[in-house]
Amino acid sequence: MELAQAIRERRSVRKFRLDPVPRETLEHILELATWAPSGMNRQPWHFIVVRGEKAEELRSIFSEAGEEMRPRLEARFADRPKIVESTLEFFRTYGGAQVFILAYAGASTGSGWDTNSTAVAVQNLLLAAHEAGLGATWTDGIMGKEASINEAVGVTDKKLVCVVPVGYPDEAPRVPPRREGRIEWIGF
Ligand SMILES: Cc1cc2nc3c(=O)[nH]c(=O)nc-3n(C[C@H](O)[C@H](O)[C@H](O)COP(=O)(O)O)c2cc1C
């Protein structure tokens, strides 16, 4: 797949088939993630790939995070109850994803470098997943439950950047149009 095509056609997938994702495919996309640039070449990312019973434990934590978000969502989308319900439905099930990739940044510097570098690596991961025929989504709406998530996977010294559900897509998400006026040219 051409890089430009992968960039344009990657979408956030929130509904997954149950077909298992081979470990080799996950290893491949994670290896590509680690070729991202990083501040001072620290390569500060740390990925935890979760499947099976632990994934179910995480799914129930994510569901609690969604319910805790309900009042904010209802206030924000007071006139669009369907958005509230579809968002909460996603948090309840995480689209049925069988695999979660937790992206952590080393928490040693206190600067934004490590989280920024990890975010760049996650974008590599999302593009590589798309090229491999997988669906995935950056999610961080679960941050209210960061402590519970960390405890579930035994992390004590890193910063959770996002959770990426991964699986074969069971939907073709709509293409959000690009917003105008986001690029400014000087000296051209
Ligand atoms: C920083 C960030 C946070 C996001 N958080 C969530 C989230 O918590 N839940 C979710 O379903 N999608 C989340 N998304 C995905 C966006 O909703 C999605 O990228 C956006 O709607 C554009 O759609 P596309 O990715 O298909 O182009 C997040 C994306 C980013 C970059």
About its Cα centre, what dipole magnitude does region 1-118 give when the only charges are +1 on Lys and Arg Cβ and -1 on Asp and Glu Cβ, stated in debye to the nearest 20? 320
Evaluate the distance, in nm, between pseudo-label points positioned 7 Å from the Cα of Val175 and of Lys82 along their respective Cα→Cβ axes. 2.2
Going through region 1-67, which trypsin sites (Lys or Arg not before Pro) have at most 16 other Cβ atoms within 10 Å and a DSSP loop state? Arg17, Arg42
Tell me which of Gly181, Phe100, Phe90 sits at the most positive position along the dipole axis of the chain, charges placed on C-beta atoms (Lys, Arg +1; Asp, Glu -1). Gly181
Can you tell which of Leu3, Ala55, Ile29 lies farthest toward the positive end of the dipole of the chain, using +1 and -1 charges on the Cβ of basic and acidic side chains (Lys, Arg; Asp, Glu)? Leu3
Excluding the sites themselves, what is the longest stretch of the chain that contains no GluC sites (Glu not before Pro) in a DSSP loop with at most 15 other C-beta atoms within 10 Å? 3-170
Structure shown: which of Lys15/Lys82; Lys82/Lys159; Lys54/Lys82; Lys54/Lys145 lie over 26 Å apart, alpha-carbon to alpha-carbon? Lys82/Lys159; Lys54/Lys82
May I ask for the distance between the Cα centers of region 82-143 and region 25-61, given as a whole number of Å? 9
Between Ser12, Ser148, Ser111, where does the largest GNM mean-square fluctuation fall for the chain, given springs only between Cα atoms within less than 10 Å? Ser111
State the dimensionless ratio Rg/Rh of region 30-96 (Rg: radius of gyration of Cα atoms; Rh: Kirkwood radius). 1.16
extent check for the chain: Cα max minus min per principal axis, descending, whole Å, gives 47, 40, 36
Leaving out ligands and nucleic acids, note down the accessible area per residue over the chain with a 1.4 angstrom probe, in whole Å². 60
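The values are calculated or read from the model by the stated rules, or taken from the named source; none is laboratory data. Just so it is clear, the model here is predicted, and its values are computed rather than measured. Note that we place each Cβ from the backbone using ideal geometry, even for glycine, and neighbour counts take in every protein chain shown. Note: areas computed on protein heavy atoms with side chains; ligands, DNA, RNA excluded. Shrake-Rupley method; radii C 1.70, N 1.55, O 1.52, S 1.80 Å.
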